[in-house]
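This report refers to the structure that appears directly beneath it.
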Amino acid sequence: MALGPGWHGDIREVCPAAGKRCAQLRLQHGWSQKELAQRLDVRAVVIQDLESQGLMPEGEVIDAVNLLLGEPLPRARDLERREVQMEGVGAKRTSMSLTLGDFMPEDYEELMRAVEVADEVSETACQT
């Protein structure tokens, strides 16, 4: 699981996909970052860090975010499981930022299969 520095040297989960999804859902509700923070009774910097850096807030806060936004945000551990599954289609690396070049196989049929899998993973990450 991707980890990053948090307040006072503690370690927090980092999931850029969660930050992106949080921003999408927040905008669908018509809220600013400040309004979402107020609804959650947290400082605005918590939402800013989540959306800009993927720094996940503590458990109780992320649970409240999920409830308020109406769906659970993606988690790094879930995305890492998907990356391991993608190794079966010939991915050259298992980072969270994959490009089409990571799937470039020798033949066209394998390329098209890899593109389909990458699309599925992208859609699933945005849905979860």
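The values are calculated or read from the model by the stated rules, or taken from the named source; none is laboratory data. Computed from a prediction, not measured in an experiment: that's the story for all the values here. Reconstructed Cβ throughout: ideal geometry from the backbone, glycine too, with neighbour counts over all protein chains shown.
Here the condition is being closer than 17 Å to ASP119 by Cα, modelled with pLDDT under 95 and not basic (Lys, Arg); of GLY4, GLY54, GLY101, it holds for GLY101 alone.
Quick one: is GLU71 charged (D, E, K, R), assigned to a loop (DSSP other than H, G, I, E, B) and modelled with pLDDT of 90 or more? Against the criterion (charged (D, E, K, R), assigned to a loop (DSSP other than H, G, I, E, B) and modelled with pLDDT of 90 or more), GLU71 qualifies. Beta carbons closer than 6 Å, at least 6 apart along the sequence or on distinct chains, pair a first residue in region 64-80 that is over 14 Å from SER122 (Cα atoms) and of a type in the set (Gly, Ala, Ser) with a second that is at pLDDT 85 or above and part of a helix (DSSP H, G or I) for ALA64/LEU40.
Scanning region 54-65 for residues that are assigned to a helix (DSSP H, G or I) and closer than 11 Å to LEU40 by Cβ gives GLU60, VAL61, ILE62, ASP63, ALA64, VAL65.
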